[in-house]
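The next block holds one structure in the form of structure tokens; read it before the comments.
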């Protein structure tokens, strides 16, 4: 039997809460440069064959034992939060204070435009697509609610994590978070624009940037996310993960920074319905 295409979230989630990230191998039908379990990047001009992505998404339900097909988002590097109430028709979206970016991938038109989602409905699977950006999963410690956020540097600077926490009915003190695979601080070099976006609002953010050459820094997205979650009310001891670098591990992870034209992993979280 081959390697599993799934990486379970390493967090003390209560019974009935499930969280995971997909890996690029072990399942799927996409071919190079998207091999194999690509779950996104299908409608971009240089994207994967939509039929292959659709097949991969269909396979994901069985591979991961999902209670339903995931709620996919049209991510725009902003801070909008989608509340999934069991169906798109019965759901609502709230907008955070973050900027949008025209550089986001484009998915199906019926997918809600947002960079985070929350739900208290058992069996509703939330999904975030990434390939260097930071996926953040959240759950209430009593298993009553879950959330997921796409925290690239733009969304992170713009408040997507705070917006997600604020959209949840659970007190921040009772939330547990997991930081999934993302571009790590040893490999993610950025320019002045990125540093200024954080430092201009919070001088502490200087600690998350290490100078590499004039006008460039390596950034620690994990540290910035922990800072933002802490400011939103989460206790430091309730924030887990943050040690898996997508750029450094081509055997398991897609990385846009490393490969440019590539696929997307999905980070999923859901409440298991009663059997």
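The values are calculated or read from the model by the stated rules, or taken from the named source; none is laboratory data. Predicted model, so just to flag it, every value in this text is computed and none were measured. Positions of Cβ are generated from backbone atoms using ideal geometry, with glycine treated the same way; all protein chains shown enter the neighbour counts.
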Of the candidates 28, 40, the one satisfying the condition of being buried (at least 24 other Cβ atoms within 10 Å of the Cβ) and under 16 Å from the mean Cα position of the chain (by Cα) is 40
Out of (1) touching a residue at least 60 places away in the same chain (Cβ under 8 Å); (2) within 18 Å of residue 71 (Cβ to Cβ), the one residue 168 does not meet is (1)
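This table checks each residue for (1) exposed (fewer than 14 other Cβ atoms within 10 Å of the Cβ); (2) modelled with pLDDT of 95 or more; (3) closer than 25 Å to residue 245 by Cα; (4) out of contact with any strand residue (DSSP E or B) (no Cβ under 6 Å at 6 or more places or on another chain).
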site	(1), (2), (3), (4)
35	no, no, yes, yes
56	no, yes, yes, yes
69	yes, yes, no, yes
99	no, no, no, yes
Could you tell me whether residue 79 is at pLDDT 50 or above, in contact with a helix residue (DSSP H, G or I) (Cβ under 8 Å, 6 or more places away or on another chain), over 27 Å from residue 49 (Cα atoms) and surrounded by 12 or more Cβ atoms within 10 Å (Cβ to Cβ)? yes
Subset of segment 116-162, residues more than 23 Å from residue 187 (Cβ to Cβ) and part of a loop (DSSP other than H, G, I, E, B), comes to 120, 121, 122, 123, 124, 125, 141, 142, 143, 144, 145, 159
Open item on the list: Within segment 1-20, does at least one residue satisfy the condition of being free of Cβ contacts under 8 Å to residues at least 40 places away in the same chain and either crowded, with 22+ Cβ neighbours inside 10 Å or assigned to a helix (DSSP H, G or I) (or both)?
Closed with: no
Restricting attention to segment 175-230, the residues that are buried (at least 20 other Cβ atoms within 10 Å of the Cβ), within 30 Å of residue 8 (Cβ to Cβ) and without any contact (Cβ under 8 Å) to a residue 24 or more places away in the chain number exactly 1
